[in-house]
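Quick note: the coordinates plus some simple rules give every number you see, no bench work behind them. Treat the numbers as computed from the prediction; the structure is a model and nothing was measured. Virtual Cβ from ideal backbone geometry, glycine too; neighbours counted across all protein chains shown.
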Amino acid sequence: MRSFYRGRDMGRVHSIAELTELARHRLPHFAWEYLSGGSEDELTLARNRASFSEIHLHSRALVPCHPPVILRHLLGRELAAPMLIGPTGYNGMLHRDADLHLARAATARGVPFCLSTVSNVSMEVIKAHVPEVDLWFQLYAMRDPDIQASLLSRAQQVGVETLLLTSDAMVLGNREWDRRNFIRPRELSLGNKLDVLRHPRWLHQVMWPNGLPSMGNLEPYLPPAERNALGSMKFIGEQMDTLLDWGMLARLRDQWSGNLLLKGVLHPSDAERALALGLDGVVVSNHGGRQLEGAIGSLDALRLIAPVVKGKMALLLDSGIRRGSDIAKALALGADAVLLGRTTLYGVAVAAEQGAGRALDLLREELTRTLNLMGCTDIQDLDPDCLADLHSHFTGRG
Ligand code: FNR
């Protein structure tokens with residue numbers, strides 16, 4: 001299999017699984033593990049996919065086949081499809097300026113792009129280069145209230161309407177591959193250094209000429225001499241608030257007048273509490289199986305949460321979306337839209353904007369075909385009645 005695809009070749013990639021395989025070939029081992037890996041034994045990572053395979057679509061016969069309606073009104077905007085690119089940090093390890101490529105791919109397809117606090121490209125640069133972007137911002141709460149207030153005010157200034165507070169990463173999940181691959185921060189083991197040399201194209205795309213990038217959003221808070229990868233990693237390690245609680249979320253609700261969503265919700269009581277605090281939505285997520293090992297699969301959690309908050313706030317889901325049919329299943333169980341994590345990252349690692357765009361196009365095409373084959377003419381009509389649940393004790397109804 002060729003290890004590198006240019007834009008015009010992207011049409012020859014026919015599934016996210018193929019894109020994944022191409023990304024695996026293109027990246028050095030340590031970057032591949034960073035992208036694809038989960039915590040500990042990766043049980044939650046596996047559960048995220050298994051839960052999709054355990055529910056089945058219950059199609060209806062003889063429904064005339066027109067292009068189905070897949071537009072979604074969400075938080076005051078119209079999305080061309082019920083999906084968006086979710087927040088992922090340090091994308092510059094996959095491709096130089098990966099955040100920009102992701103923002104461009106999303107914008108060209110009429111869906112939002114959510115920038116992580118720990119992105120490499122800053123929110124100001126994204127907005128300057130992709131002025132039409134529907135830019136969301138993901139916040140990691142900061143210990144220093146002035147830094148957090150500054151991040152929020154910058155987000156407001158660049159036109160961010162929707163803020164996601166991530167709740168599931170107060171401490172880092174147990175990612176053993178990270179400890180294996182690095183002997184100290186940013187210092188790869190000898191075996192990994194040799195492996196990097198076997199990936200000259202990646203070296204050129206990512207490392208040349210300045211080495212690994214710093215975290216763009218955090219640069220204003222770093223002394224000039226530390227505006228680099230190591231300096232920003234040290235800074236975020238010290239700044240991330242490990243004492244985050246509901247009081248902080250209530251204060252954030254007062255501080256932020258735009259849409260506010262809590263990301264990392266897996267328990268219905270937490271979704272209810274977020275609703276009571278006046279939040280605009282929750283993202284049902286286990287961080288793609290990278291944090292709490294043994295956590296409930298996100299689709300399993302959605303079944304519990306949807307009956308409690310569906311229709312009262314925006315209900316989003318991520319973790320494990322790899323097919324258009326996965327999106328149909330998530331929507332049938334109550335999600336308004338899904339966030340994409342690794343799926344578009346595999347694309348960007350393979351072919352920058354074209355690769356991320358191909359991932360979005362594949363999901364869109366698959367969703368459209370799935371709806372046609374189900375006899376469903378509009379995503380509005382997706383509900384638990386469209387599912388045949390053969391293995392679960394849950395009814396998924398309500
Ligand atoms: C993430 N995720 C994440 N989440 C977040 O809130 N802030 C972040 O900076 C990151 N960084 C990050 C890096 C990488 C490489 C990955 C794979 C994931 C989690 C992300 O937003 C999302 O919850 C998961 O990726 C969803 O799972 P899938 O779609 O990757 O299976």
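Miscellaneous remarks
- Sum of side-chain charges, ILE236 neighbourhood, beta-carbon under 14 Å (Lys, Arg +1; Asp, Glu -1): -1
- Three-way shape label, region 119-209, alpha-carbon gyration tensor, a/c 1.5: oblate
- Euclidean distance of C-alpha centroids, region 238-276 and region 105-151, integer Å: 18
- Simple label model, 7 Å out from Cα along Cβ direction - ARG60 to SER15, nm: 2.9
- Here the chain carries DSSP beta bridges of which approximately 25% are antiparallel, counting only pairs with both residues inside.
- Kirkwood hydrodynamic radius (C-alpha pairs) into Stokes-Einstein, the chain, 25 °C and 0.890 mPa s, D in µm²/s: 115
- Residue list for region 220-239, given a label point 7 angstrom along the Cα-to-Cβ vector of ARG184 and an amide N cut-off under 20 Å: 225-238
- Label point 7 Å beyond Cα of LEU43 along Cβ direction - residues of region 288-331 with amide nitrogen under 17 Å: 288-301
- Qualifying GluC sites (Glu not before Pro) for region 70-174 [loop in DSSP, other Cβ within 10 Å: at most 14]: GLU132
- Gyration tensor verdict on region 41-181 (Cα atoms; rounded if a/c is under 1.5, prolate if a/b is larger than b/c, oblate otherwise): oblate
- Farthest positive-ward along the chain dipole, Cα basis, beta-carbon charges - from LEU212, LEU75, PRO28: PRO28
- For region 210-250: relative contact order, % (alpha-carbon pairs under 8 angstrom, 6 or more apart): 34
- Pairs beyond 28 Å (Cα-Cα), from LYS263/LYS312; LYS127/LYS234; LYS234/LYS310; LYS127/LYS312: LYS234/LYS310; LYS127/LYS312
- Here the Gaussian network model covers the chain, with springs between Cα atoms less than 10 Å apart; of TYR221, TYR346, TYR140, TYR221 fluctuates the most.
- Low-density loop positions, trypsin sites (Lys or Arg not before Pro), region 118-162 - DSSP coil, at most 14 other Cβ in 10 Å: ARG143
- Among LEU43, LEU94, LEU363: highest mean-square fluctuation, GNM of the chain, C-alpha pairs under 10 Å: LEU43
- Counting Lys and Arg as +1 and Asp and Glu as -1 over every other residue whose Cβ lies under 12 Å from the Cβ of ARG47, the net charge comes to -4.
- Anisotropy class of region 176-243 from Cα gyration tensor, a/c 1.5 cut: oblate
- The residue list ASN192, ASN91, ILE296 was ranked by how far each Cα lies along the charge dipole of the chain toward its positive end, using unit charges on Cβ atoms, and ASN192 comes out on top.
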